[in-house]
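**Q** Take this structure, written in structure tokens, and hold onto it; I'll ask about it next.
The values are calculated or read from the model by the stated rules, or taken from the named source; none is laboratory data. Fair warning: this is a prediction, and the values are worked out from it, not measured in the lab. Positions of Cβ are backbone-derived with ideal geometry, glycine not excepted, and every protein chain shown enters the neighbour counts.
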Amino acid sequence: MATLHSDALNQHQHFVGAYQPGANEEFMNPAQLAYFRRKLLAWKDSIVRESRETMTALASGPIQEADLTDRASSETDWGIHLRTRDRQRKLISKIDSALRRIDTGEYGFCEVTGEPISLARLEARPIATMTVEAQERHEKNERVSRDD
């Protein structure tokens, strides 16, 4: 999924334009917010387009392979496509949440500490809600909880 995430972002970098957020400017100024909004909307558009293509292919009818092995392989492939689409549906929800945070002025700030999330992290993962340090603590606490 990480590859899918970064590939989709890289493919749509051209939609964002020439502006690149920089550390020498006010954090989450209007230009940065507009930049991340465009990035998120382009990513969402790409996911929706891919989903439509999958649904069109699924709607074309049942698997027609006569050979049981070929049919099983096709069914496995479709299962993978459907799981990917489910992950992408969840990703769209996270993108929508990030867009709402832009609207409310909360975007770019850690939901745990309130500190700014680094531009590099937001560039790589524009749906991030925590700083790297807060995310690591959160994941460590989750592992400890699961082990109990």
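**Q** Here is a check on your reading of the model: is Ile127 modelled with pLDDT of 95 or more, of a type in the set (Val, Ile, Thr) and not in a helix (DSSP H, G or I)? Before the answer, list the steps.
**A** Working: modelled with pLDDT of 95 or more: yes; of a type in the set (Val, Ile, Thr): yes; not in a helix (DSSP H, G or I): yes.
So Ile127 passes the test.
**Q** Restricting segment 74-96 to residues that are among the hydroxyl-bearing types (Ser, Thr, Tyr) and surrounded by 13 or more Cβ atoms within 10 Å (Cβ to Cβ), which is farthest from the chain's Cα centre (by Cα)? Reasoning before the result, please.
**A** Going residue by residue through segment 74-96, those that are among the hydroxyl-bearing types (Ser, Thr, Tyr) are 74, 76, 84, 93.
Filter once more, so that each one left must be surrounded by 13 or more Cβ atoms within 10 Å (Cβ to Cβ): 74, 84.
Details: Ser74: 27, Thr84: 12 Å.
Only one residue tops the list, namely Ser74.
**Q** State the number of residues belonging to segment 49-72 that are of a type in the set (S, T, N, Q), surrounded by 12 or more Cβ atoms within 10 Å (Cβ to Cβ) and modelled with pLDDT under 75.
**A** So in segment 49-72, the residues of a type in the set (S, T, N, Q) come out as 51, 54, 56, 60, 64, 69.
Then keep just the ones that are surrounded by 12 or more Cβ atoms within 10 Å (Cβ to Cβ); that gives 51, 54.
Within this subset, residues satisfying the condition of being modelled with pLDDT under 75 are 54.
The qualifying residues number 1.
**Q** Please go through segment 116-136 and give me each residue that is in contact with a strand residue (DSSP E or B) (Cβ under 8 Å, 6 or more places away or on another chain) and surrounded by fewer than 16 Cβ atoms within 10 Å (Cβ to Cβ), ordered by number.
**A** Pro116 - this is the single residue of segment 116-136 that is in contact with a strand residue (DSSP E or B) (Cβ under 8 Å, 6 or more places away or on another chain) and surrounded by fewer than 16 Cβ atoms within 10 Å (Cβ to Cβ).
**Q** Using beta carbons and a limit of 7 Å, which pairs, at least six apart or on different chains, have the first residue in segment 113-138 and touching a residue at least 12 places away in the same chain (Cβ under 8 Å) and the second one surrounded by fewer than 19 Cβ atoms within 10 Å (Cβ to Cβ) and among the basic types (Lys, Arg)?
**A** Pairs that qualify, where the first residue is touching a residue at least 12 places away in the same chain (Cβ under 8 Å) and the partner is surrounded by fewer than 19 Cβ atoms within 10 Å (Cβ to Cβ) and among the basic types (Lys, Arg), are Ile127/Lys94; Val132/Arg121.
**Q** Report yes if some residue within segment 138-148 is buried (at least 17 other Cβ atoms within 10 Å of the Cβ) and either outside any helix (DSSP H, G or I) or touching a strand residue (DSSP E or B) at 6+ places or on another chain (Cβ under 7 Å) (or both); otherwise report no.
**A** Looking through segment 138-148, none of the residues is buried (at least 17 other Cβ atoms within 10 Å of the Cβ) and either outside any helix (DSSP H, G or I) or touching a strand residue (DSSP E or B) at 6+ places or on another chain (Cβ under 7 Å) (or both).
**Q** Looking only at segment 1-48, filter to residues that are outside any helix (DSSP H, G or I) and among the aliphatic types (A, V, I, L, M); which one of those is modelled with the highest pLDDT? Steps first, please.
**A** Within segment 1-48, the first condition is being outside any helix (DSSP H, G or I), and the residues that meet it are 1, 12, 17-29.
Narrowing further to those that are among the aliphatic types (A, V, I, L, M): 1, 18, 23, 28.
Details: Met1: 40, Ala18: 83, Ala23: 88, Met28: 97.
Only one residue tops the list, namely Met28.
**Q** Name, by its number, the condition in (1) buried (at least 17 other Cβ atoms within 10 Å of the Cβ); (2) modelled with pLDDT under 95 that does not hold for Gly108.
**A** Against the list (1) buried (at least 17 other Cβ atoms within 10 Å of the Cβ); (2) modelled with pLDDT under 95, Gly108 comes up short only on (2).
**Q** Just give me the residues in segment 18-48 being touching a residue at least 40 places away in the same chain (Cβ under 8 Å) and of a type in the set (A, V, I, L, M, F, W, C), in sequence order. So that I can check it myself, show each step before the final result.
**A** So the first thing to find is which residues in segment 18-48 are touching a residue at least 40 places away in the same chain (Cβ under 8 Å), and the list is 21-23, 27-28, 32-33, 36-37, 39-41, 43-44, 47-48.
Residues satisfying the conditions are Ala23, Phe27, Met28, Leu33, Phe36, Leu40, Leu41, Trp43, Ile47, Val48.
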